[in-house]
Structures are given as structure tokens and as C-alpha cells.
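Worksheet: the structure to be examined is printed underneath.
A short reminder: the numbers here are calculations on the coordinates, not readings from a lab. In this text, all values refer to a predicted model and were calculated from it rather than measured experimentally. Every residue, glycine as well, gets a Cβ built from its backbone with ideal geometry; the counts of neighbours run over all protein chains shown.
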Amino acid sequence: MNGRSCSGCSIGSGSSDEEAVTPTTGSDQDTTTEEEIVAPSAHALDAWVDGIRRGSDDAYRAVYDHTASDLLSFANGMLRNRTAAEDVVQQAFLELVAAAPSFRGKGEALRVWLFKSVRFRCLDQLRRASAREIPTDRIPEQGVTVEPILEVDPRLLAALDKLSERQRSMVLMRHVVGMSGAEIASVVGLNRAAVYAVVRRAERTLRESVMEEGTS
Amino acid sequence: MSKRDPLDQLAAFRVHADDDRRARDLEAIGTELRRTPPAQTVGRRRWTVAVVMAMIFAGPAAAVASGDALPGDLLYPIKRVVEPIVQLFDRDVVVERRVEEVAGLVDRDSEEDVILERIDIARDALAESNAPLLEEELDRIVDRWLTDRSTGTPAVTDRPPATTAPRRDAPPTDRRDQEPEPAPIDAPESTTTTTTDRPATSEPPPSDTTTTTAPRDTDDRPPSDDRPRDTP
């Protein structure tokens, strides 16, 4: 186990109560390799950053193939509408075309940039929908209703809706995309300790909601 | 036996872009790439900013530094560009510079053609100004150059001395061949005569009115006989 994984473990280690809520994806394999899940993908983008700056089609294709599924999954979790999520991802890439010449950083920064863009777009859509008092499962632009996600317990979805937008986005980045604490911290603009604290609290809330509903 | 974590269900949000969507997205990206004009890279933009800043700050410095530049120098064009502005404050400074340029070229032992051209330009500038001292200075420089040239290498061309250097608007000719015979020693430099006093001879008549003899090097044409005379 490398140092980065150890640092991730040390944050999770604490009281027995904290350890009970720390598991991230439920499986031991995922908890031991939480940093390694993202690192190879991010470093793979290093080779394409220059091409992105120059506007190379090949570079965009490579970056899209490396990141689109993660971005789409995250947006799908936020909006619960696949079509809307796909549109958000496409808009993020189109925004990247305009911003790429002035982009600084390596592959990891590029991935963070894309997640930031998708997150802001998702939050923007959710807030607009909320302002118009439209149920969150309806996306006004597309006019489509979210298909029910049969695999997810409705109680969990209801509990997810009760989280703040920031908490929800962090939980989804953690459990849907499998992003590391450091990467989530870069996307949401918090330090790593704060990210772990917020995620842990949100996870506890979600679990307790499901348990309470289940027992009652 | 460990209980399954309810949060594992969130993995159901995990989706992948299908081929159709991927193709559409990449097409949209390609269209955007072609529509967006190639933006300047950060490096190129930095260069642009650096050049602009250099022009702002280095411009005055270059203008000052170009004051002593001679024809052929890197800064000489800057000097010529700045001169109209300088001339607003001091008209003679430009003429002075032209004379200094001739001196500088002579000191530098530049090519004869270059020096002759600059002498012409200096004389043009002198003609437009009233700076007799500078004119004398130019004559001294030219004399020195001619002396050095005669004592050093033989003359390369048959050009006249610089004091009679051809103007740019006149073809180079050996005007010494066209000079009239010198006037008699006893002839007055300036005479005032009337037609009544003038004998009717074939001698070159002076003008029919009060005249001053023209400089020898400016009017070397003999008076024509077909000029109307006031003789009765």
C-alpha cells in the first residue's frame, strides 16, 4: 500500500463509530485502492493536454473516452435523467473547446476542470428547476421525466434528496465515480479533511435514513 | 457475514456513453473546434504582451538612443521617424543632425557614394533653413573629406567637389565645363546701368534694368541676343 492510500486510511481511522461509517463503496477492494482508482485515468490524460490546448480532434476524442463515462455517471446521479446528463456532459466539452487555449495544468487538472463544469451545470439546472417549483425529477429544457431507477431503494433516493447540493454531489463523486478525497476536494474547493468530514456525515445520514425507514 | 451497504446501490447511477451518443458528442466537439477561430496559445499571447510592453517602454529609450545613429545603423529609421516631432521644438536640430551624419560617415570612412548622398541631403536641409554656421561646418567637413581622400586613395569618380555636389534633382554633370569665362578683373561686381548708357555693341549686354550680377555658378548661360531691347 502506498503512502497516498495510507493517508486515506488514516483519515477514516478514528473512533469505532467513525470506522463504521467510513467504508466508501462497501467492498474492501475499493477502500484499499481509493487513490489508485482515479490516478491512472488522470495521468493518462497528461499526454493529451497539449493536444487539447491546440484543438486536436484526436486529443478531444481520447479525453472524451477517458472521462465521459465518469462525467455522465455523476451528472446522471445529480439530475437523475440520462438525456439531461448527456447534454450537460456535451456542454462541458464544448465549454472546454473555448477554454482550452488558456488551460494550465496536467491531466488531473483537466479532469477536475471537466467535473467542475459538469457540477456547476447540474447545480444550475437543479436550482432553476427549484426556482420554477418544478419537481426535481423533471428537466424543463428536455421536458422529460426521469425514469425510475429500479436498482436504488426509493428510501435512499429520498434521503439523497434531503442532502444539500454540495453533500449530494460529493457523495455521488465518491460512490458513483469512485473519486479520491483529494480529487473531490479539488472539484468542490474544500480541503481534503473537510471533504472526508462532509462525506462521512452525509453517508451516516443516508444510512440512518434507510435504516429508520426499514425498521419503521 | 457482513451486511450489504445500502450506499452500494448508488452504483446504479453508473452509466456509459453509448456509441451513438459518443459519435454525436464528438461531432459537436469537432464542429465547435472548426467554428472557433484558433485562439492564441498562452505562450503566444505572452509574447504579444511582452512586445507591446516593450514598445511602450522601450520606444522612448530607442528614440533617445537613436539620436547618434548614422545611415545604415539599426536605429537610424527610428531617428528619422522621431525627427518630425523633434523638429516641432527646434527646426535647426534636424539640419544639425544631417551635418553631423556627414561628419560621422566621414569619420567612419564610409563609401564615397553614401557620403555624397548624405552631403546632398544635408545641403537640401540647409537650403530650407537659415543656418550659415552649419553650412560652414559642412563645408569644412567636406573639405576635410576631400583632402583625406586625395591624400589617401585616389578619387574614384569624376564627381565634382562636394561644395558643388549635384543636387538630387539635377543630373550629375561636370559644371566646370559650362562655367562662363571669368569676368574681367576691372569689371564691377555689381553694376547699375541703364540702356541709355549702354553702347550699342555686340558685347554681352547687361540686363535692361537695374540688375545685380548673378553668381558665377548659378547663371552660366550667356544672355541671348534675341531679348527685347529698349533702344529706340
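Relative to the current alpha-carbon distance between A:Ser102 and A:Asp65, full extension at 0.36 nm per residue lengthens the span by 11.1 nm. Counting neighbouring Cβ atoms within 10 Å and putting the fewest first, the residues B:Phe89, A:Phe115 line up as B:Phe89, A:Phe115. Ordering A:His66, A:His175 by the number of other Cβ atoms within 10 Å of each residue's own Cβ, fewest first, gives A:His66, A:His175. For the stretch B:23-36, the Karplus equation 6.51 cos²θ - 1.76 cosθ + 1.60, evaluated at θ = phi - 60°, returns couplings of 4, 5, 5, 5, 5, 5, 5, x, 4, 5, 5, 6, 6, 6 Hz by residue, with Gly and Pro reported as x.
The label-point distance for B:Ala50 and B:Asp68, in a model that sets each label 7 Å from Cα toward Cβ, rounds to 2.9 nm. Report the FRET efficiency, 1/(1 + (r/R0)^6), for A:Glu165 and A:Ala193, where r is their Cβ-Cβ distance and R0 is 22 Å, rounded to 0.05. Result of the calculation: an efficiency of 0.60. When each of A:Phe93, A:Phe120, A:Phe74 is scored by the number of other beta-carbon atoms lying within 10 Å, the sequence from fewest to most is A:Phe120, A:Phe93, A:Phe74.
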